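Student: Here it is, the structure, as C-alpha coordinates.
The values are calculated or read from the model by the stated rules, or taken from the named source; none is laboratory data. Bear in mind the structure is a predicted one, so any value in this text is a computation, not a measurement. Because the Cβ atoms are built from the backbone with ideal geometry, glycine has one as well, and the counts that use them run over all protein chains shown.
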Amino acid sequence: MFSDKDRVENMDSRIKKCGIPDKTAGMHDCRKPPMVILSGPTAVGKTKLSIALARAADGEIISADSCQVYRCMDIGSAKITSGEMEGIPHHMINILDPWEEFSAALFKEKCLQCLSGIYEREHIPIVVGGTGFYVQALLRDIDFGSGDEADHSETPASQDIPGKNGAYRAWLEELAKQEGAARLHSMLGDIDPVSARSIHQNNQKRVIRALEFFHLTGEPISRHNEREREKEPAYNACYFVLNDQRERIYEKIGMRVDEMLRQGLVAEVERLREMGCHRGMVSMQGLGYKEILAYLEGELSLEEAVETIKRDTRHFAKRQLTWFRREKEVIWLNKDEFEYDEDRILKFMLEEMRTRGILETS
RNA sequence: AGGGGAAUAGUACAAUGGUAGUGCGGCGGUCUCCAAAACCGUUGAUGGGAGUUCGAUCCUCUCUUCCCCUG
(Lines give C-alpha, C1' and ligand atoms only; values in the text may rest on other atoms or scores of the structure.)
Protein backbone atom coordinates (compact mmCIF):
# COMPACT_ATOMS: atom_id res chain seq x y z
CA MET A 1 0.00 0.00 0.00
CA PHE A 2 0.85 3.55 0.16
CA SER A 3 2.28 5.11 3.25
CA ASP A 4 2.74 8.72 4.15
CA LYS A 5 6.45 8.22 3.96
CA ASP A 6 6.25 7.15 0.33
CA ARG A 7 4.22 10.14 -0.52
CA VAL A 8 6.66 12.54 1.03
CA GLU A 9 9.51 10.95 -0.89
CA ASN A 10 7.61 11.30 -4.10
CA MET A 11 7.42 14.95 -3.38
CA ASP A 12 11.07 15.66 -3.66
CA SER A 13 11.19 16.66 -7.31
CA ARG A 14 8.22 18.91 -6.84
CA ILE A 15 9.57 20.57 -3.76
CA LYS A 16 12.72 21.66 -5.51
CA LYS A 17 10.61 23.83 -7.73
CA CYS A 18 9.15 25.66 -4.78
CA GLY A 19 11.74 28.31 -4.28
CA ILE A 20 9.86 30.72 -2.10
CA PRO A 21 11.10 30.89 1.46
CA ASP A 22 8.60 30.07 4.09
CA LYS A 23 7.70 33.45 5.49
CA THR A 24 4.23 32.75 6.67
CA ALA A 25 4.97 29.35 8.20
CA GLY A 26 2.47 26.64 8.95
CA MET A 27 -0.13 26.63 6.27
CA HIS A 28 2.00 27.89 3.43
CA ASP A 29 4.83 25.58 4.13
CA CYS A 30 6.60 24.89 0.85
CA ARG A 31 8.05 21.71 2.19
CA LYS A 32 4.60 20.26 2.02
CA PRO A 33 3.24 18.92 -1.24
CA PRO A 34 1.27 21.48 -3.22
CA MET A 35 -2.48 21.19 -3.69
CA VAL A 36 -5.23 23.35 -5.02
CA ILE A 37 -8.80 22.90 -3.86
CA LEU A 38 -11.81 24.31 -5.62
CA SER A 39 -15.01 23.75 -3.74
CA GLY A 40 -18.29 25.51 -3.14
CA PRO A 41 -22.01 24.88 -3.00
CA THR A 42 -23.68 22.81 -5.65
CA ALA A 43 -24.43 24.52 -8.96
CA VAL A 44 -22.15 27.54 -8.51
CA GLY A 45 -20.01 26.62 -11.48
CA LYS A 46 -17.05 24.72 -10.07
CA THR A 47 -16.71 22.35 -12.99
CA LYS A 48 -16.38 25.02 -15.64
CA LEU A 49 -13.88 27.02 -13.65
CA SER A 50 -11.88 23.93 -12.82
CA ILE A 51 -11.07 23.27 -16.46
CA ALA A 52 -9.76 26.78 -17.01
CA LEU A 53 -7.72 26.47 -13.85
CA ALA A 54 -6.27 23.10 -14.75
CA ARG A 55 -5.27 24.49 -18.12
CA ALA A 56 -3.58 27.53 -16.68
CA ALA A 57 -1.79 25.71 -13.90
CA ASP A 58 -0.93 22.49 -15.70
CA GLY A 59 -2.98 20.49 -13.24
CA GLU A 60 -4.85 17.24 -12.96
CA ILE A 61 -8.27 17.14 -11.41
CA ILE A 62 -9.30 15.00 -8.48
CA SER A 63 -13.03 14.96 -8.00
CA ALA A 64 -14.19 15.28 -4.39
CA ASP A 65 -17.74 14.24 -4.94
CA SER A 66 -19.60 11.46 -3.21
CA CYS A 67 -21.84 10.71 -6.19
CA GLN A 68 -19.61 11.17 -9.18
CA VAL A 69 -17.45 8.28 -8.04
CA TYR A 70 -20.25 6.00 -9.25
CA ARG A 71 -20.61 4.74 -12.76
CA CYS A 72 -24.03 5.03 -14.40
CA MET A 73 -24.91 8.04 -12.29
CA ASP A 74 -24.21 10.80 -14.74
CA ILE A 75 -27.17 13.10 -15.11
CA GLY A 76 -28.26 13.26 -11.49
CA SER A 77 -24.75 13.85 -10.22
CA ALA A 78 -24.09 16.55 -12.84
CA LYS A 79 -20.98 14.64 -13.79
CA ILE A 80 -18.57 16.25 -16.17
CA THR A 81 -18.66 14.70 -19.64
CA SER A 82 -15.51 13.51 -21.35
CA GLY A 83 -15.97 16.26 -23.90
CA GLU A 84 -16.08 18.90 -21.20
CA MET A 85 -12.87 17.57 -19.72
CA GLU A 86 -10.98 18.95 -22.71
CA GLY A 87 -8.23 16.43 -22.23
CA ILE A 88 -7.51 17.30 -18.62
CA PRO A 89 -6.95 14.11 -16.61
CA HIS A 90 -9.73 13.48 -14.08
CA HIS A 91 -9.46 11.13 -11.14
CA MET A 92 -12.00 9.67 -8.71
CA ILE A 93 -14.80 9.69 -11.26
CA ASN A 94 -16.52 6.46 -12.35
CA ILE A 95 -14.43 4.30 -10.09
CA LEU A 96 -17.24 2.33 -8.43
CA ASP A 97 -20.41 0.50 -9.34
CA PRO A 98 -23.55 1.86 -7.74
CA TRP A 99 -23.95 -1.10 -5.41
CA GLU A 100 -20.52 -0.59 -3.87
CA GLU A 101 -20.09 1.29 -0.65
CA PHE A 102 -18.00 4.34 -0.34
CA SER A 103 -16.86 6.54 2.51
CA ALA A 104 -14.65 9.44 3.40
CA ALA A 105 -11.95 7.06 4.59
CA LEU A 106 -11.96 5.20 1.32
CA PHE A 107 -11.89 8.48 -0.53
CA LYS A 108 -8.75 9.50 1.23
CA GLU A 109 -7.07 6.16 0.62
CA LYS A 110 -7.78 6.23 -3.08
CA CYS A 111 -6.76 9.86 -3.37
CA LEU A 112 -3.34 9.12 -1.97
CA GLN A 113 -2.77 6.72 -4.84
CA CYS A 114 -3.86 9.30 -7.40
CA LEU A 115 -1.68 11.94 -5.81
CA SER A 116 1.52 9.98 -6.09
CA GLY A 117 1.02 9.63 -9.82
CA ILE A 118 0.20 13.29 -10.24
CA TYR A 119 3.30 14.35 -8.34
CA GLU A 120 5.42 11.97 -10.36
CA ARG A 121 4.18 13.65 -13.51
CA GLU A 122 5.07 16.96 -11.90
CA HIS A 123 1.54 18.19 -12.14
CA ILE A 124 -0.47 20.09 -9.59
CA PRO A 125 -3.42 18.25 -8.08
CA ILE A 126 -6.61 20.26 -8.23
CA VAL A 127 -9.26 18.87 -5.93
CA VAL A 128 -12.66 19.86 -7.26
CA GLY A 129 -15.97 19.07 -5.64
CA GLY A 130 -18.56 20.00 -3.11
CA THR A 131 -18.19 17.22 -0.56
CA GLY A 132 -16.50 19.23 2.17
CA PHE A 133 -15.95 16.25 4.39
CA TYR A 134 -13.95 14.48 1.71
CA VAL A 135 -11.84 17.56 1.15
CA GLN A 136 -11.18 17.76 4.85
CA ALA A 137 -10.28 14.10 5.11
CA LEU A 138 -7.67 14.58 2.42
CA LEU A 139 -6.33 18.00 3.37
CA ARG A 140 -5.88 17.20 7.05
CA ASP A 141 -4.94 13.62 6.34
CA ILE A 142 -7.50 12.48 8.86
CA ASP A 143 -6.90 9.15 10.49
CA PHE A 144 -10.17 7.33 10.71
CA GLY A 145 -8.75 4.91 13.19
CA SER A 146 -8.70 1.68 11.24
CA GLY A 147 -6.60 0.19 13.98
CA ASP A 148 -5.65 -3.10 12.36
CA GLU A 149 -2.70 -3.89 10.18
CA ALA A 150 -4.44 -6.56 8.20
CA ASP A 151 -3.76 -6.44 4.53
CA HIS A 152 -7.04 -5.21 3.19
CA SER A 153 -5.72 -4.23 -0.21
CA GLU A 154 -6.58 -7.67 -1.53
CA THR A 155 -10.05 -7.82 -0.10
CA PRO A 156 -12.44 -7.86 -3.01
CA ALA A 157 -15.59 -7.04 -1.09
CA SER A 158 -15.91 -3.37 -0.37
CA GLN A 159 -18.03 -4.22 2.64
CA ASP A 160 -14.81 -4.78 4.51
CA ILE A 161 -14.12 -1.16 5.13
CA PRO A 162 -11.32 -1.06 7.64
CA GLY A 163 -12.42 0.31 10.96
CA LYS A 164 -16.00 -0.54 10.33
CA ASN A 165 -17.40 -3.54 12.06
CA GLY A 166 -20.50 -4.60 10.19
CA ALA A 167 -21.78 -7.13 12.67
CA TYR A 168 -21.43 -4.86 15.67
CA ARG A 169 -23.03 -2.00 13.79
CA ALA A 170 -25.95 -4.17 12.80
CA TRP A 171 -26.38 -5.30 16.38
CA LEU A 172 -26.47 -1.71 17.58
CA GLU A 173 -28.96 -0.74 14.93
CA GLU A 174 -31.18 -3.58 15.98
CA LEU A 175 -30.87 -2.60 19.62
CA ALA A 176 -31.85 0.95 18.78
CA LYS A 177 -34.90 -0.33 16.98
CA GLN A 178 -35.91 -2.50 19.91
CA GLU A 179 -35.17 -0.22 22.82
CA GLY A 180 -34.97 3.24 21.38
CA ALA A 181 -32.38 5.87 20.76
CA ALA A 182 -32.03 6.78 24.40
CA ARG A 183 -30.70 3.32 25.17
CA LEU A 184 -27.78 3.63 22.79
CA HIS A 185 -27.10 7.11 23.96
CA SER A 186 -26.84 6.00 27.57
CA MET A 187 -24.49 3.21 26.51
CA LEU A 188 -22.32 5.89 24.98
CA GLY A 189 -22.53 7.88 28.18
CA ASP A 190 -21.00 4.94 30.05
CA ILE A 191 -17.94 4.60 27.87
CA ASP A 192 -17.47 8.12 26.53
CA PRO A 193 -19.32 10.85 28.41
CA VAL A 194 -17.64 13.58 26.39
CA SER A 195 -19.10 12.26 23.16
CA ALA A 196 -22.43 11.60 24.79
CA ARG A 197 -22.64 15.24 25.71
CA SER A 198 -21.81 16.50 22.24
CA ILE A 199 -23.81 14.03 20.17
CA HIS A 200 -27.57 14.43 20.31
CA GLN A 201 -29.31 11.19 21.15
CA ASN A 202 -31.45 11.39 18.03
CA ASN A 203 -28.37 11.38 15.88
CA GLN A 204 -28.22 7.63 15.83
CA LYS A 205 -25.66 7.40 13.08
CA ARG A 206 -23.09 9.22 15.08
CA VAL A 207 -23.93 7.56 18.36
CA ILE A 208 -23.39 4.22 16.68
CA ARG A 209 -20.10 5.27 15.15
CA ALA A 210 -18.84 6.44 18.54
CA LEU A 211 -19.78 3.14 20.12
CA GLU A 212 -18.27 1.22 17.26
CA PHE A 213 -15.04 3.16 17.51
CA PHE A 214 -14.70 2.29 21.17
CA HIS A 215 -15.57 -1.33 20.46
CA LEU A 216 -12.86 -1.51 17.82
CA THR A 217 -10.07 0.45 19.43
CA GLY A 218 -10.82 0.61 23.14
CA GLU A 219 -10.43 4.38 22.98
CA PRO A 220 -13.20 6.95 23.26
CA ILE A 221 -13.73 8.60 19.91
CA SER A 222 -13.84 11.98 21.60
CA ARG A 223 -10.20 11.66 22.59
CA HIS A 224 -9.25 10.48 19.11
CA ASN A 225 -11.10 13.37 17.51
CA GLU A 226 -9.51 15.87 19.81
CA ARG A 227 -6.11 14.70 18.71
CA GLU A 228 -7.04 14.70 15.04
CA ARG A 229 -8.52 18.15 15.21
CA GLU A 230 -5.16 19.63 16.12
CA LYS A 231 -3.64 18.49 12.84
CA GLU A 232 -2.32 21.09 10.47
CA PRO A 233 -3.10 20.73 6.78
CA ALA A 234 -0.85 18.09 5.29
CA TYR A 235 -0.41 20.05 2.08
CA ASN A 236 0.69 23.45 0.95
CA ALA A 237 -2.80 24.15 -0.18
CA CYS A 238 -4.87 26.90 -1.70
CA TYR A 239 -8.40 26.18 -0.57
CA PHE A 240 -10.78 28.13 -2.79
CA VAL A 241 -14.51 28.23 -2.25
CA LEU A 242 -16.53 29.58 -5.11
CA ASN A 243 -19.68 31.30 -3.91
CA ASP A 244 -22.51 33.47 -5.10
CA GLN A 245 -25.51 35.26 -3.67
CA ARG A 246 -27.91 32.84 -2.09
CA GLU A 247 -30.87 33.67 -4.32
CA ARG A 248 -28.76 33.13 -7.40
CA ILE A 249 -27.61 29.74 -6.22
CA TYR A 250 -31.17 28.73 -5.46
CA GLU A 251 -32.31 29.91 -8.84
CA LYS A 252 -29.58 27.96 -10.59
CA ILE A 253 -30.44 24.86 -8.64
CA GLY A 254 -34.01 25.03 -9.92
CA MET A 255 -32.86 25.44 -13.48
CA ARG A 256 -30.32 22.69 -13.20
CA VAL A 257 -32.85 20.19 -11.89
CA ASP A 258 -35.21 21.03 -14.75
CA GLU A 259 -32.33 20.50 -17.13
CA MET A 260 -31.54 17.12 -15.59
CA LEU A 261 -35.08 16.02 -16.28
CA ARG A 262 -34.86 17.14 -19.86
CA GLN A 263 -31.65 15.17 -20.22
CA GLY A 264 -33.38 12.02 -19.03
CA LEU A 265 -32.89 11.69 -15.29
CA VAL A 266 -35.95 9.46 -15.02
CA ALA A 267 -34.58 7.08 -17.64
CA GLU A 268 -31.23 7.02 -15.91
CA VAL A 269 -32.81 6.02 -12.62
CA GLU A 270 -35.00 3.45 -14.36
CA ARG A 271 -31.86 1.88 -15.77
CA LEU A 272 -30.27 1.80 -12.33
CA ARG A 273 -33.37 0.16 -10.95
CA GLU A 274 -33.21 -2.49 -13.63
CA MET A 275 -29.63 -3.10 -12.58
CA GLY A 276 -30.97 -3.89 -9.12
CA CYS A 277 -30.30 -0.62 -7.38
CA HIS A 278 -32.57 0.21 -4.48
CA ARG A 279 -32.86 2.81 -1.80
CA GLY A 280 -30.86 0.88 0.73
CA MET A 281 -27.69 1.55 -1.23
CA VAL A 282 -25.38 4.39 -0.34
CA SER A 283 -25.31 5.58 -3.93
CA MET A 284 -29.07 5.79 -4.13
CA GLN A 285 -29.19 8.23 -1.25
CA GLY A 286 -27.94 10.87 -3.64
CA LEU A 287 -30.09 13.87 -4.40
CA GLY A 288 -32.24 13.21 -7.40
CA TYR A 289 -31.91 9.46 -7.13
CA LYS A 290 -33.87 8.71 -4.01
CA GLU A 291 -36.70 10.99 -5.09
CA ILE A 292 -36.99 9.59 -8.60
CA LEU A 293 -36.91 6.08 -7.16
CA ALA A 294 -39.84 7.08 -4.95
CA TYR A 295 -41.64 8.32 -8.03
CA LEU A 296 -40.95 5.11 -9.92
CA GLU A 297 -42.35 3.16 -7.03
CA GLY A 298 -45.50 5.23 -7.09
CA GLU A 299 -44.97 7.01 -3.81
CA LEU A 300 -44.71 10.46 -5.33
CA SER A 301 -45.99 12.15 -8.43
CA LEU A 302 -43.27 13.27 -10.78
CA GLU A 303 -44.05 16.86 -9.94
CA GLU A 304 -43.72 16.21 -6.21
CA ALA A 305 -40.47 14.37 -6.76
CA VAL A 306 -39.04 17.25 -8.74
CA GLU A 307 -40.06 19.83 -6.17
CA THR A 308 -38.54 17.71 -3.44
CA ILE A 309 -35.27 17.44 -5.32
CA LYS A 310 -35.11 21.19 -5.72
CA ARG A 311 -35.91 21.87 -2.11
CA ASP A 312 -33.49 19.30 -0.74
CA THR A 313 -30.76 20.54 -3.05
CA ARG A 314 -31.26 24.05 -1.70
CA HIS A 315 -30.94 22.69 1.81
CA PHE A 316 -27.83 20.88 0.77
CA ALA A 317 -26.24 24.01 -0.66
CA LYS A 318 -26.96 25.79 2.59
CA ARG A 319 -25.30 23.04 4.61
CA GLN A 320 -22.30 23.12 2.35
CA LEU A 321 -21.88 26.82 3.01
CA THR A 322 -22.12 26.22 6.74
CA TRP A 323 -19.34 23.72 6.39
CA PHE A 324 -17.03 26.04 4.46
CA ARG A 325 -17.57 28.90 6.89
CA ARG A 326 -16.05 26.69 9.53
CA GLU A 327 -12.93 25.84 7.57
CA LYS A 328 -10.40 28.45 8.58
CA GLU A 329 -8.05 28.47 5.62
CA VAL A 330 -10.70 28.98 2.97
CA ILE A 331 -10.18 31.65 0.32
CA TRP A 332 -13.63 32.86 -0.67
CA LEU A 333 -14.35 33.61 -4.29
CA ASN A 334 -17.56 35.57 -4.24
CA LYS A 335 -18.61 35.83 -7.83
CA ASP A 336 -20.32 39.19 -7.42
CA GLU A 337 -17.11 40.71 -6.12
CA PHE A 338 -15.49 39.70 -9.39
CA GLU A 339 -18.44 41.04 -11.34
CA TYR A 340 -19.07 37.52 -12.60
CA ASP A 341 -15.96 37.69 -14.73
CA GLU A 342 -14.40 34.26 -14.86
CA ASP A 343 -11.09 35.55 -16.15
CA ARG A 344 -10.74 37.82 -13.19
CA ILE A 345 -11.50 34.99 -10.81
CA LEU A 346 -8.94 32.82 -12.53
CA LYS A 347 -6.30 35.52 -12.45
CA PHE A 348 -6.88 36.00 -8.75
CA MET A 349 -6.57 32.28 -8.10
CA LEU A 350 -3.30 32.02 -9.97
CA GLU A 351 -1.93 34.98 -8.05
CA GLU A 352 -2.85 33.33 -4.77
CA MET A 353 -1.12 30.17 -5.89
CA ARG A 354 2.04 32.08 -6.71
CA THR A 355 1.98 33.77 -3.33
CA ARG A 356 2.05 30.37 -1.70
CA GLY A 357 4.70 28.98 -3.96
CA ILE A 358 2.38 26.51 -5.63
CA LEU A 359 3.00 28.12 -8.97
CA GLU A 360 6.32 29.49 -10.05
CA THR A 361 6.42 33.24 -10.25
CA SER A 362 6.65 34.21 -13.85
C1' A B 1 -75.31 44.46 -9.84
C1' G B 2 -77.69 40.89 -6.25
C1' G B 3 -77.02 36.59 -2.85
C1' G B 4 -73.61 33.55 -0.03
C1' G B 5 -68.72 32.45 2.05
C1' A B 6 -63.73 33.54 3.65
C1' A B 7 -59.85 36.89 5.60
C1' U B 8 -54.64 34.00 11.24
C1' A B 9 -46.48 33.91 10.08
C1' G B 10 -43.64 33.62 3.36
C1' U B 11 -47.21 29.40 2.57
C1' A B 12 -50.83 25.41 4.09
C1' C B 13 -53.84 24.69 8.04
C1' A B 14 -55.24 24.75 13.78
C1' A B 15 -57.36 27.13 18.13
C1' U B 16 -59.71 29.99 22.17
C1' G B 17 -64.10 35.77 25.14
C1' G B 18 -58.14 35.78 29.00
C1' U B 19 -49.86 33.32 27.42
C1' A B 20 -52.43 32.35 19.38
C1' G B 21 -50.42 26.17 17.97
C1' U B 22 -48.56 22.73 13.96
C1' G B 23 -46.32 21.24 9.21
C1' C B 24 -43.61 23.27 5.13
C1' G B 25 -40.44 27.28 3.87
C1' G B 26 -36.65 30.93 5.47
C1' C B 27 -32.35 31.64 8.59
C1' G B 28 -28.37 29.70 11.90
C1' G B 29 -25.58 25.49 13.54
C1' U B 30 -23.28 20.31 14.49
C1' C B 31 -20.23 17.12 11.70
C1' U B 32 -13.14 13.17 11.96
C1' C B 33 -15.69 6.03 8.07
C1' C B 34 -23.19 6.17 4.93
C1' A B 35 -21.63 13.43 4.49
C1' A B 36 -25.88 14.69 -2.00
C1' A B 37 -26.16 11.34 4.66
C1' A B 38 -27.76 12.12 9.65
C1' C B 39 -28.98 15.49 13.44
C1' C B 40 -29.99 20.12 16.30
C1' G B 41 -31.56 25.19 17.03
C1' U B 42 -34.28 29.64 15.56
C1' U B 43 -37.51 33.25 13.30
C1' G B 44 -42.33 34.90 12.14
C1' A B 45 -49.17 36.05 12.06
C1' U B 46 -54.93 37.29 13.92
C1' G B 47 -56.45 42.76 6.82
C1' G B 48 -58.05 48.44 8.26
C1' G B 49 -61.52 51.23 11.38
C1' A B 50 -65.40 51.52 15.06
C1' G B 51 -68.51 49.17 18.86
C1' U B 52 -70.06 45.49 23.02
C1' U B 53 -66.89 43.76 27.17
C1' C B 54 -62.77 44.23 32.91
C1' G B 55 -60.63 41.94 28.53
C1' A B 56 -61.84 40.65 21.64
C1' U B 57 -58.31 36.95 16.94
C1' C B 58 -63.17 35.03 18.38
C1' C B 59 -69.40 38.62 19.26
C1' U B 60 -71.64 43.23 16.38
C1' C B 61 -71.20 47.07 12.53
C1' U B 62 -68.36 49.09 8.60
C1' C B 63 -64.47 49.46 4.87
C1' U B 64 -61.11 46.69 1.83
C1' U B 65 -59.61 42.26 -0.64
C1' C B 66 -60.47 37.36 -2.38
C1' C B 67 -63.65 33.02 -3.66
C1' C B 68 -68.48 30.78 -5.10
C1' C B 69 -73.58 31.24 -7.07
C1' U B 70 -77.28 34.13 -9.92
C1' G B 71 -77.65 37.79 -14.00
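Student: Contact list please: Cβ distance under 7 Å, first residue in the stretch A:272-293 and closer than 14 Å to A:Ile75 by Cα and touching a residue at least 12 places away in the same chain (Cβ under 8 Å), second residue in a helix (DSSP H, G or I) and within 8 Å of RNA strand B (Cβ to nearest atom), pairs at least six apart or on different chains.
Tutor: From residues that are closer than 14 Å to A:Ile75 by Cα and touching a residue at least 12 places away in the same chain (Cβ under 8 Å), the pairs are A:Met284/A:Lys290; A:Leu287/A:Asp312; A:Leu287/A:Thr313; A:Leu287/A:Phe316.
Student: Still on this model: Answer yes if at least one residue in the stretch A:33-47 is free of Cβ contacts under 8 Å to residues at least 24 places away in the same chain and part of a loop (DSSP other than H, G, I, E, B), and no otherwise.
Tutor: no
Student: Output the qualifying pairs, or none if there are none: Cβ atoms under 8 angstrom, residues six or more apart or on different chains, first residue in the stretch A:63-87 and more than 16 Å from A:Leu272 (Cα to Cα) and free of Cβ contacts under 8 Å to residues at least 60 places away in the same chain, second residue of a type in the set (Val, Ile, Thr) and in a helix (DSSP H, G or I).
Tutor: These pairs meet every condition: A:Ile80/A:Thr47; A:Glu84/A:Thr47; A:Glu84/A:Ile51; A:Met85/A:Ile51; A:Glu86/A:Ile51.
Student: Just to be sure, is A:Tyr289 within 14 Å of RNA strand B (Cβ to nearest atom), among the aromatic types (Phe, Trp, Tyr) and either surrounded by fewer than 15 Cβ atoms within 10 Å (Cβ to Cβ) or over 26 Å from A:Tyr235 (Cβ atoms) (or both)?
Tutor: yes
Student: Yes or no: A:Glu268 over 30 Å from A:Ile124 (Cβ atoms) and either surrounded by 13 or more Cβ atoms within 10 Å (Cβ to Cβ) or in contact (Cβ under 8 Å) with a residue 24 or more places away in the chain (or both)?
Tutor: It is true that A:Glu268 is over 30 Å from A:Ile124 (Cβ atoms) and either surrounded by 13 or more Cβ atoms within 10 Å (Cβ to Cβ) or in contact (Cβ under 8 Å) with a residue 24 or more places away in the chain (or both).
Student: Name the helices (runs of 4 or more DSSP H) wholly inside the stretch A:184-272 in which the number of residues that are near RNA strand B (Cβ under 9 Å from one of its atoms) is 3 or more.
Tutor: The qualifying helices (runs of 4 or more DSSP H) are A:204-217, A:221-229, A:246-263.
Student: Being farther than 23 Å from A:Phe316 by Cα and touching a strand residue (DSSP E or B) at 6+ places or on another chain (Cβ under 7 Å), is that true of even one residue in the stretch A:66-81?
Tutor: Looking through the stretch A:66-81, none of the residues is farther than 23 Å from A:Phe316 by Cα and touching a strand residue (DSSP E or B) at 6+ places or on another chain (Cβ under 7 Å).
Student: Still on this structure, I have one more. Looking for whichever is touching a Ser or Thr at 6+ places or on another chain (Cβ under 9 Å) and more than 20 Å from A:Cys67 (Cα to Cα) here; the options are A:Glu120, A:Glu100. Which one fits?
Tutor: It is A:Glu120.
Student: Within the stretch A:160-183, which residues are away from RNA strand B (no atom under 11 Å from the Cβ) and of a type outside the set (Gly, Ala, Ser)?
Tutor: Within the stretch A:160-183, A:Tyr168, A:Trp171, A:Glu174, A:Leu175, A:Lys177, A:Gln178, A:Glu179, A:Arg183 qualify.
Student: Which of the following residues is part of a helix (DSSP H, G or I), within 12 Å of RNA strand B (Cβ to nearest atom) and at pLDDT 95 or above: A:Leu106, A:Leu115?
Tutor: None of the other options fit; the residue is A:Leu106.
Student: Based on this model, can you work out whether A:Ser153 counts as part of a helix (DSSP H, G or I), hydroxyl-bearing (Ser, Thr, Tyr), more than 23 Å from A:Leu242 (Cα to Cα) and modelled with pLDDT under 95?
Tutor: The answer is yes for A:Ser153.
Student: Which residue, of A:Thr308, A:Thr313, is hydroxyl-bearing (Ser, Thr, Tyr), surrounded by fewer than 20 Cβ atoms within 10 Å (Cβ to Cβ), in a helix (DSSP H, G or I) and within 11 Å of RNA strand B (Cβ to nearest atom)?
Tutor: A:Thr308
Quick grid of which residues meet (1) under 13 Å from the mean Cα position of the chain (by Cα); (2) modelled with pLDDT under 95; (3) among the basic types (Lys, Arg):
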{"position": "A:Lys110", "(1), (2), (3)": "yes, no, yes"}
{"position": "A:Ile124", "(1), (2), (3)": "no, no, no"}
{"position": "A:Gly132", "(1), (2), (3)": "yes, no, no"}
{"position": "A:Ser146", "(1), (2), (3)": "no, yes, no"}
{"position": "A:Glu179", "(1), (2), (3)": "no, yes, no"}
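Student: Another question, if that's okay. Does A:Ala234 fit the bill of being buried (at least 20 other Cβ atoms within 10 Å of the Cβ) and modelled with pLDDT of 95 or more?
Tutor: So A:Ala234 does not fit the description; no.
Student: Further, regarding this structure: Which residue out of A:Ala196, A:Ala182, A:Ala234 is among the aliphatic types (A, V, I, L, M), touching a helix residue (DSSP H, G or I) at 6+ places or on another chain (Cβ under 6 Å) and at negative phi?
Tutor: Only one candidate qualifies: A:Ala196.
Student: Something else: Identify, by number, the condition in (1) part of a helix (DSSP H, G or I); (2) touching a helix residue (DSSP H, G or I) at 6+ places or on another chain (Cβ under 8 Å); (3) within 21 Å of A:Lys48 (Cβ to Cβ) that A:Glu351 doesn't meet.
Tutor: Unmet for A:Glu351, out of (1) part of a helix (DSSP H, G or I); (2) touching a helix residue (DSSP H, G or I) at 6+ places or on another chain (Cβ under 8 Å); (3) within 21 Å of A:Lys48 (Cβ to Cβ): (2).
Student: So the check is Cβ under 6 Å with 6+ separation or different chains; which pairs have a first residue in the stretch A:321-350 that's within 16 Å of RNA strand B (Cβ to nearest atom) and a second one that's among the aliphatic types (A, V, I, L, M) and modelled with pLDDT under 95?
Tutor: Hits for this filter: A:Glu329/A:Met27.
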